[in-house]
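Everything below concerns the one structure shown next.
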Amino acid sequence: MEDEELSSVKMLGLKLPTDPRWVNIAEKSIQEILIDHAFCEQKAASTGISLIVRYSDKEKLVQEVTPLVAEEWGHFRRVLKELDKRGFKLGRKRKDLYVVQLQAQQIKGIADMQMLEHLLISALIEARSCERFRLLSLYCSDEDLRKFYHEFMISEAGHYRMFIDLAKTYYDEDLVKKRWQEWLEIEAEILNNLELRGDRVH
């Protein structure tokens, strides 16, 4: 498992693999993982809408992100259906400390950098989600959930690449690579300092 996870992390560019105990902890609170996953999909759709509204003059961004919003909302509905099938309720929204801490590290006060920061944070969240969903697709004891999360893993990988490609469309590629490496270091430090919780996707 450890070698496979290191390979996955390398493929996504992430600096720190998820603690292998996470899947075992998550399995004990599948209800909470599904609830948190639903809110992650809702927030991804909302973020996409925000990007479109904020950068409506960026034609390629609007073209690429518009179908993503529809896909993320479709994912939200799918997770809601899975919750309902298992007799679980969505409940109240919870704070995502991982995302809050990422957002706190944005470069502020430089207008030309804001879109790059938003795109790279979105790419990071998608990459980490992909890595976590891959773990569930491989090691969850529930066969139905393994298939369920395999599909989500593939989607998140595509979204991660889309955000990176959009960043390279609007910014110098060397700048994107440099800032992406900085974000990868920031993300690894944040993850390393967060409590390992099985009731959260991140």
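Every number in this text was worked out from the coordinates using simple rules, so none of it is lab data. Quantities reported herein were computed from a predicted structural model and do not represent experimental measurements. Cβ sites come from the backbone with ideal geometry, for glycine too, and all protein chains shown count toward neighbours.
Assorted remarks:
- Kirkwood-type hydrodynamic radius, region 68-132: 14.3 Å, calculated from all non-identical alpha-carbon pairs.
- Equivalent ellipsoid, region 118-202 (semi-axes from 5 times Cα gyration tensor eigenvalues, Å): 27, 17, 7
- Links that overshoot a 31 Å alpha carbon limit, given the list K147/K178; K93/K168; K147/K168; K58/K177; K15/K60; K81/K177: K147/K178; K93/K168; K147/K168; K81/K177
- Whole-Å distance, taken between Cα centres, linking region 45-75 and region 146-202: 17 Å
- Environment charge of H150, counting only residues whose C-beta is closer than 12 Å and scoring Lys/Arg +1, Asp/Glu -1: -1
- Among E173, E41, a tally of other beta-carbon atoms within 10 Å of each Cβ gives an order, fewest to most, of E173, E41.
- The charge dipole of the chain, taken about its Cα centre with unit charges on the Cβ atoms of Lys, Arg (+1), Asp and Glu (-1) only, comes to about 680 debye.
- As a proxy for reagent exposure, ranking E32, E182, E143 by other Cβ atoms within 10 Å from fewest up yields E143, E182, E32.
- The chain - Kirkwood radius from inverse mean 1/r over Cα pairs (Å): 17.3 Å
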